[in-house]
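One structure is given here, and the rest of the page talks about it.
The values are calculated or read from the model by the stated rules, or taken from the named source; none is laboratory data. These figures come from a predicted structure and were not determined experimentally. Because the Cβ atoms are built from the backbone with ideal geometry, glycine has one as well, and the counts that use them run over all protein chains shown.
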Ligand code: PEP
């Protein structure tokens, strides 16, 4: 598979923000958006019913690894599909940290998504102390090991990876384009050891304080195929200009 087949991809992660007025604004301003990127808005699940996606798709910020059943408060892949979602973020660092999600659980969630035809956007990334200790590759490599243990090559080819250094999330401290490229290249090389074809086709997004003024240089890196956008995805104009930078 040629590198050109990696269509740029931009996903917004609203986290626990937004309301139906913001949904209406996005319906209006993103309607028929012209971009070469696949565009996804991952809003809080209770707002998803308000979207009328035209030129973009919607996704959730998490999903259960279980099927429908006695799991109070959880959302299954069947339920999120019913709500019109084709994508789900899994393993965001806030869930790994705040909800204690392990890499093994994240892998199960990703596998459940793929089995139901939902594309998981799987987040990996290191905290500051790991970067300062020069252990980024070992740390991210372990997060990837869990994926490779649980998902087949075919299943992995239906996923998207988001590299999000935790020290860059919501801090305004973006990784430099070189820092991002270095880890993205590591991730692609890691998957190439599993399957060269998989690695060549896999979309790897960068996330961490992406803004309209830094998106273009980050997305221009050879192994950066787009972005996962937090804060800047809450402003329609900023999000649109980031989507356009992914051309
Ligand atoms: C995120 O939460 O996934 C994220 C990248 O946030 P921000 O863009 O605000 O750093």
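The table below lists the values:
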item	result
Single residue of the stretch 166-181 satisfying the filter (more than 10 Å from the ligand (Cβ to nearest atom) and part of a loop (DSSP other than H, G, I, E, B)) that is farthest from the chain's Cα centre (by Cα)	176
Subset of the stretch 152-165 (residues that are within 23 Å of residue 97 (Cα to Cα) and away from the ligand (no atom under 16 Å from the Cβ))	159
Selection within the stretch 202-244 - within 10 Å of the ligand (Cβ to nearest atom) and within 18 Å of residue 56 (Cβ to Cβ)	205, 207, 210, 227, 228, 229, 230, 232, 233, 234, 242
Helices (runs of 4 or more DSSP H) contained entirely in the stretch 12-118, each with at least 2 residues that are in contact (Cβ under 8 Å) with a residue 60 or more places away in the chain	20-30, 93-98
So residue 155, is it in contact with a helix residue (DSSP H, G or I) (Cβ under 8 Å, 6 or more places away or on another chain), closer than 15 Å to residue 227 by Cα, modelled with pLDDT of 95 or more and assigned to a helix (DSSP H, G or I)	no
